[in-house]
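Only one structure is covered here, and it is reproduced in the block below.
The values are calculated or read from the model by the stated rules, or taken from the named source; none is laboratory data. Note that the structure is predicted; figures quoted are calculated from it, not measured. Because the Cβ atoms are built from the backbone with ideal geometry, glycine has one as well, and the counts that use them run over all protein chains shown.
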Protein chains: 2
Amino acid sequence: MVVAIALEATPVPQATPSVAETLISSAQESHGAFTLLTDLVDTVGSRLSGSDGAAAGVAWGVQHLSGLGLEVSKESVLVPVWVRGLEQAEVVAGKGRRAHPLALTALGGSPGTRRGGLEADVVEVDSLAELQERAPSVRGRIVFFNHGMAVPQDYRRFGQLRTKGPAAAAKLGAVAALVRSLATASMRSPHTGQTDFKPGEVAIPAAAISVEDAELLHRLLATGPVRVHLALGCRILPDARSSNVVADLRGREHPDEIVLLGAHLDSWDLAVGAQDDGAGVALVVEAARLLAALPERPRRTVRFVLFMNEENGLRGAKTYAIDHASELPHHVAAMELDAGAGRPLGVALKAGAGAQALLETWLPPLVKLGAGSFLEEDAQGADLSPMAAAQVPFASVVQDTTHYFDIHHSAADTLDKVDLDAFSRTSAAVAWLTYALADSESVLPRPPPPVPAGTSSAR
Amino acid sequence: MVVAIALEATPVPQATPSVAETLISSAQESHGAFTLLTDLVDTVGSRLSGSDGAAAGVAWGVQHLSGLGLEVSKESVLVPVWVRGLEQAEVVAGKGRRAHPLALTALGGSPGTRRGGLEADVVEVDSLAELQERAPSVRGRIVFFNHGMAVPQDYRRFGQLRTKGPAAAAKLGAVAALVRSLATASMRSPHTGQTDFKPGEVAIPAAAISVEDAELLHRLLATGPVRVHLALGCRILPDARSSNVVADLRGREHPDEIVLLGAHLDSWDLAVGAQDDGAGVALVVEAARLLAALPERPRRTVRFVLFMNEENGLRGAKTYAIDHASELPHHVAAMELDAGAGRPLGVALKAGAGAQALLETWLPPLVKLGAGSFLEEDAQGADLSPMAAAQVPFASVVQDTTHYFDIHHSAADTLDKVDLDAFSRTSAAVAWLTYALADSESVLPRPPPPVPAGTSSAR
């Protein structure tokens, strides 16, 4: 009864501008995304692929996408299973110098050390090129990858030290690798992340050290040899079954044309992944709720996807692209949310010529959210990358990431860093842009075929 | 030879303003305090009372104060010995909720739990008064002391929750205490510190939880009962012998009148104590070097004291006050450095009527350091507190502490947080003010006798 009265008291608008109004005011007034995020992180917690937490995350996704009139399914994904263990390291005492414990955390994909750990001298490099130059001094040593990350943009610049550095060092005979955390702030808090060892190639123990400990190693190395003892108990277990969660809001006119809105359910294990990518998951589920509550469905199908295993394998996204290969030509747009909970700054695209003109007709409702600008950067996303070959147009609500890498992949990725108002504004922008993509009379022109290369490393 | 030429090329000034000039420019150009601090933290590391690190700290202090023409001695202090061990806790899984690991660290003075830990429901209070109000619900529970620390000034407001809360909870039958870290920033980084259990009274395991985990507990408690499992392996060992380091620069006219400049050698064990109180130690030793290098000694004796055990017992300061009781009436001023490495903001006093007028004649050289103001607050310091009864005048170079409690007592108290220029400015201000106190024709009037109370808890 109360609901009925409320519906009568608030006439539901029908025209397109009024849908924008409805979506945006609902998102901002209900703070629904924040409520969902709170529930996810407080009841499920961390969600590393293959863990009980990830399974609970899948169940959470199914539960919260059900009952909205969507077609909800779990789609099987085989995921790698990596588990953290003991993590202990120290700079061994030297001439006139006591030992220093190091704050560090194993990188995903790292093997453990043998029981008792290993001990070796450290050699410092600040690029993959310098590693090759110093190849003769790497054998039998621990390679320390240092860098000067200071702003979020540096993540792309230095990220390869973490993803590719340890494997490159292993090829040169290094016994272990220590990578300075990819972080824009630190309280002695190491930031994990995946490191890539190719199947069949030699893998060595690899860990991220805190920014403070990187500074320490750098200072000590300036005074003479530095020896480190490292013990890691991490292990790689057999692959396990997990799932993507897929929910379709069937389109009223073109049900076979799909607008995909995605985020990743899995997180690292050091924290609850409030921003990486709990925020994205909450934004997707809230968009589903907001769009499903409209009196009329959009013209096209909106597919809400919660991907598994973005962090350490991208298996969910790869599996989706394979399982839905025949549908990809009908994916008229895809948008991923995997940049935290910051406020919206504008919209970016990766599409064909003329896309911007179409987009600009949808921007006016976003102005009051501070997101009414077209931004000259390529929309992208790790979970979107396997769809690039099918020339799926990408869209993106670009968010403020000023403080995202303060906490990214660290134990500090917790709810308290999320600003309620900023997050609700992003939720509003996402809901409206998704609707616009799905209900517009014309669709985004498709981008040219991508230059063949590896998939994006934006995780 | 090079030294001799350098001395000829730089005529040494003789008049008082020129001494200020010499001290201030030397401190700022050499960055001597920063060099000393770097050496202390990189070669000695953490220095908890009774540890090998503390012993190395004493040796470091003696070494760096020797060879300057000072009379250096170690003065025996019996210190408590507390050692950290296993630290593990989690919110136990509940109805519809998975378990949550808690980032926490034992408080100094805490006993360990029995092997296997303890488990109990949590009751939250935000003041000692609320603890008493909720006394009937405390027995058998874990008391969670929450608070809203946001700025450095809050350390005095909420500090008693850490120092007195656990003992008060123990008296009411609590089985453990969790105290929200006293911190102005957090990356899931708990801040330790001493908690005071009186001899003979019941002690319970007590730990600081990170700000993030305090927020989590608060949210979960709003939804229903919260049960925590806590395992602490910390232990209290028998007292051990350690030392204060005392170095006198004998005065040229009034050798029996003493200006004391002190800082504390010990630190907590989670980090190297770069700012608490490595910074103070370096400032004291650098002041000794700068004053000893002057062509003429000050009129009065300057006594440089590196106190032991400020953090968890104040035994060094108490022992000093007892061992030097007969000299305290001739302590004409005492100044303590224990507020980090921030820039100098001005000078404060705790002295008798007329002191400000005398001080103001010494302030002009400090203007260019940004520290030329008399500040209307009481100079103080934990290691000075046992001298208050003897009406020793206190002086203080007040420092910027905006970010001090971001890292205070945490694993993040490392060198990289120290700003070179700010620290050298403080070093300059300290050297000059110490000289002025020791060379002035008249001395600070002594303050009135203190109101009897406990000693300061400003640690």
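Annotation note: of A:D239, A:D256, the sole residue that is surrounded by fewer than 24 Cβ atoms within 10 Å (Cβ to Cβ) and under 25 Å from the mean Cα position of the chain (by Cα) is A:D239. The listed residues are B:H403, B:H409, and the only one of them that is within 14 Å of another protein chain (Cβ to nearest Cβ), on the phi > 0 side of the Ramachandran plot and not acidic (D, E) turns out to be B:H409. Within segment B:31-52, the set of residues being crowded, with 22+ Cβ neighbours inside 10 Å and within 18 Å of A:V92 (Cα to Cα) comprises B:L40, B:V41, B:V44, B:G45, B:S46, B:R47. Looking for something closer than 30 Å to B:G109 by Cα, hydroxyl-bearing (S, T, Y) and in contact (Cβ under 8 Å) with a residue 24 or more places away in the chain - is there at least one such residue anywhere in segment B:299-314? The answer is no, given that none of the residues of segment B:299-314 is closer than 30 Å to B:G109 by Cα, hydroxyl-bearing (S, T, Y) and in contact (Cβ under 8 Å) with a residue 24 or more places away in the chain. The residue list A:V179, A:V175 contains one member that is under 19 Å from A:H408 (Cα atoms), at pLDDT 95 or above and away from chain B (no Cβ under 14 Å), which is A:V179. Given the structure, is A:V285 surrounded by 24 or more Cβ atoms within 10 Å (Cβ to Cβ), assigned to a helix (DSSP H, G or I) and within 22 Å of the chain's Cα centre (by Cα)? It is true that A:V285 is surrounded by 24 or more Cβ atoms within 10 Å (Cβ to Cβ), assigned to a helix (DSSP H, G or I) and within 22 Å of the chain's Cα centre (by Cα). Against the test of being over 19 Å from A:P225 (Cβ atoms) and not in a loop (DSSP other than H, G, I, E, B), the options A:V81, A:V123 yield a single qualifying residue, A:V81. Checking the stated criteria, A:A263 turns out not to satisfy the condition of being within 14 Å of chain B (Cβ to nearest Cβ) and either of a type in the set (D, E, K, R) or buried (at least 24 other Cβ atoms within 10 Å of the Cβ) (or both).
The helices (runs of 4 or more DSSP H) located wholly in segment B:342-459 that include 2 or more residues which are aromatic (F, W, Y) occupy B:404-407, B:420-439. Checked against (1) more than 19 Å from A:N312 (Cα to Cα); (2) within 22 Å of the chain's Cα centre (by Cα); (3) within 14 Å of chain B (Cβ to nearest Cβ), A:N146 passes all but a single condition, namely (2). Residues of segment A:84-120 that are in contact (Cβ under 8 Å) with a residue 12 or more places away in the chain, within 13 Å of chain B (Cβ to nearest Cβ), of a type outside the set (A, V, I, L, M, F, W, C) and not in a strand (DSSP E or B): A:R84, A:K95.
Residues in segment A:35-69 that are assigned to a loop (DSSP other than H, G, I, E, B), under 15 Å from B:A99 (Cβ atoms) and out of contact with any Asp or Glu (no Cβ under 8 Å at 6 or more places or on another chain): A:G45 alone. Can you confirm whether B:P452 is without any contact (Cβ under 8 Å) to a residue 60 or more places away in the chain, surrounded by fewer than 18 Cβ atoms within 10 Å (Cβ to Cβ) and not hydroxyl-bearing (S, T, Y)? So B:P452 passes the test. Of A:A388, A:A412, A:A395, all but one fail to be assigned by TED's automatic domain parsing to the domain that holds A:P365 and under 19 Å from A:L345 (Cβ atoms); the exception is A:A395. Of all residues in segment B:126-150, those being aliphatic (A, V, I, L, M) and not in a loop (DSSP other than H, G, I, E, B) number 6.
Check segment A:225-240 and report whether any residue there is within 14 Å of chain B (Cβ to nearest Cβ), at pLDDT 95 or above and more than 25 Å from A:A436 (Cβ to Cβ). Yes, segment A:225-240 contains a residue that is within 14 Å of chain B (Cβ to nearest Cβ), at pLDDT 95 or above and more than 25 Å from A:A436 (Cβ to Cβ). Just one of the numbered conditions (1) closer than 26 Å to B:D277 by Cα; (2) touching a residue at least 24 places away in the same chain (Cβ under 8 Å); (3) within 13 Å of chain A (Cβ to nearest Cβ); (4) surrounded by fewer than 20 Cβ atoms within 10 Å (Cβ to Cβ) is not true of B:A59: (2). Could we say that B:G96 is at pLDDT below 95 and either surrounded by fewer than 16 Cβ atoms within 10 Å (Cβ to Cβ) or assigned by TED's automatic domain parsing to the domain that holds B:G165 (or both) here? Judged against the criteria, B:G96 is a match. Out of the residues in segment B:184-223 that are at positive phi and more than 10 Å from chain A (Cβ to nearest Cβ), state the one that is modelled with the highest pLDDT. By that ranking, first place goes to B:G193. Can you tell me which residue within segment A:107-155, out of those that are exposed (fewer than 15 other Cβ atoms within 10 Å of the Cβ) and of a type in the set (K, R), is farthest from A:E311 (Cα to Cα)? Of everything passing the filter in segment A:107-155, A:R139 is farthest from A:E311 (Cα to Cα). Among the residues making up segment A:270-282, those that are at negative phi, buried (at least 24 other Cβ atoms within 10 Å of the Cβ) and not β-branched (V, I, T) are A:A271, A:A274, A:Q275, A:D276, A:D277, A:G278, A:A279, A:G280, A:A282. Which of the residues belonging to segment A:193-229 are more than 21 Å from B:D416 (Cα to Cα) and either of a type in the set (S, T, N, Q) or outside the structural domain of A:G108 (by TED's automatic domain parsing) (or both)? Selection gives A:Q194, A:T195. Within segment A:207-269, considering only strands (runs of 3 or more DSSP E) that don't extend past its boundaries, which have at least 3 residues that are of a type in the set (K, R) and without any contact (Cβ under 8 Å) to a residue 60 or more places away in the chain? The strands (runs of 3 or more DSSP E) meeting that bar number zero.
Of all the residues in segment A:170-197, those that are part of a loop (DSSP other than H, G, I, E, B), without any contact (Cβ under 8 Å) to a residue 60 or more places away in the chain and under 19 Å from A:Q88 (Cβ atoms) number 1.
Counting the residues of segment B:377-418 that are touching a strand residue (DSSP E or B) at 6+ places or on another chain (Cβ under 9 Å), crowded, with 24+ Cβ neighbours inside 10 Å and aliphatic (A, V, I, L, M) gives 5. Residue count for segment B:378-425 satisfying the condition of being β-branched (V, I, T) and within 15 Å of B:A321 (Cβ to Cβ): 1. Restricting attention to segment A:198-216, the residues that are within 24 Å of the chain's Cα centre (by Cα) and farther than 30 Å from B:T414 by Cβ add up to 2. Hey, does segment B:339-358 have a residue that's at pLDDT 95 or above, surrounded by fewer than 22 Cβ atoms within 10 Å (Cβ to Cβ) and within 14 Å of chain A (Cβ to nearest Cβ)? No, every residue in segment B:339-358 fails to be at pLDDT 95 or above, surrounded by fewer than 22 Cβ atoms within 10 Å (Cβ to Cβ) and within 14 Å of chain A (Cβ to nearest Cβ).
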